[in-house]
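I have placed the structure first, in the form of structure tokens, so that the comments after it can refer back to it.
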Amino acid sequence: MNIRIPALVMVMVIAITQPFSAYAEDVTPGQTCVTYIEHGTWVYRYNEWTLELEPSACGRMVNPENTAHMFYEMAKKFGGSPYWQNTRGMINQLTCHLVIARNKPTWNLDPWRPYVGHNATVSAECNVVAPDPDTEFH
């Protein structure tokens, strides 16, 4: 008997003000973490809502090609918010931070930024402004 489990389970969370449990052991690059996100909250800046994340020490070490577990935790904790949108763009921004900004204290993921694919997101230093008219092919 095959049972299908939805890829993403959404839970309503608008703001998290207390830190989640930290992963306190030594971190090995690419390993699976107990917690990927130490703290997160929705903040209003530049006239838009942004998801401000503080990754755990282990979450910062995730290989960019292995972000599915981290994104799942992010979607589970914050995906039920009315500000959550543009899932593909959010994945690109998360991966971008792991490529070029993994040591920043916090990562700001902006659901309002257009989805343009991984390479264009990295080229824009995770802050894409202009949409790409060919986005369905990325």
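The values are calculated or read from the model by the stated rules, or taken from the named source; none is laboratory data. Values in this document were obtained by computation on a predicted structure and should not be read as measured data. Quick reminder, even Gly has a Cβ in these numbers, built from the backbone with ideal geometry, and neighbours come from all protein chains shown.
For the reader, a short list of remarks on this structure follows.
- Any chance Lys76 is out of contact with any Phe, Trp or Tyr (no Cβ under 9 Å at 6 or more places or on another chain), in a helix (DSSP H, G or I) and modelled with pLDDT of 95 or more: yes
Residue-wise test of (1) among the small types (Gly, Ala, Ser); (2) under 15 Å from Thr50 (Cβ atoms).
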residue	(1), (2)
Asn86	no, yes
Arg102	no, no
Pro105	no, yes
Val116	no, no
Thr121	no, no
Ala124	yes, no
Val128	no, yes
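- The residue that is nearest to Met61 (Cα to Cα), counting only those in segment 85-107 that are hydrophobic (A, V, I, L, M, F, W, C) and surrounded by 20 or more Cβ atoms within 10 Å (Cβ to Cβ), is Leu98.
- Among the candidates Val128, Val116, Val99, the residue that is in contact (Cβ under 8 Å) with a residue 24 or more places away in the chain, hydrophobic (A, V, I, L, M, F, W, C) and either in a helix (DSSP H, G or I) or within 20 Å of Thr32 (Cα to Cα) (or both) is uniquely Val99.
- Index of the failed condition, Val13 passing every other in (1) at pLDDT 65 or above; (2) surrounded by fewer than 18 Cβ atoms within 10 Å (Cβ to Cβ); (3) closer than 20 Å to Trp112 by Cβ: (1)
A quick yes/no check of all residues on (1) assigned to a helix (DSSP H, G or I); (2) among the polar types (S, T, N, Q); (3) modelled with pLDDT of 95 or more:
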position: Ala24; (1), (2), (3): no, no, no
position: Thr50; (1), (2), (3): no, yes, yes
position: Met90; (1), (2), (3): yes, no, yes
position: Asn108; (1), (2), (3): no, yes, yes
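- Some residue of segment 61-71 being among the aromatic types (Phe, Trp, Tyr), assigned to a helix (DSSP H, G or I) and under 9 Å from the mean Cα position of the chain (by Cα): yes
- Hey, Ala57 surrounded by fewer than 18 Cβ atoms within 10 Å (Cβ to Cβ), closer than 22 Å to Thr32 by Cβ, of a type outside the set (Val, Ile, Thr) and touching a Phe, Trp or Tyr at 6+ places or on another chain (Cβ under 9 Å) or not: yes
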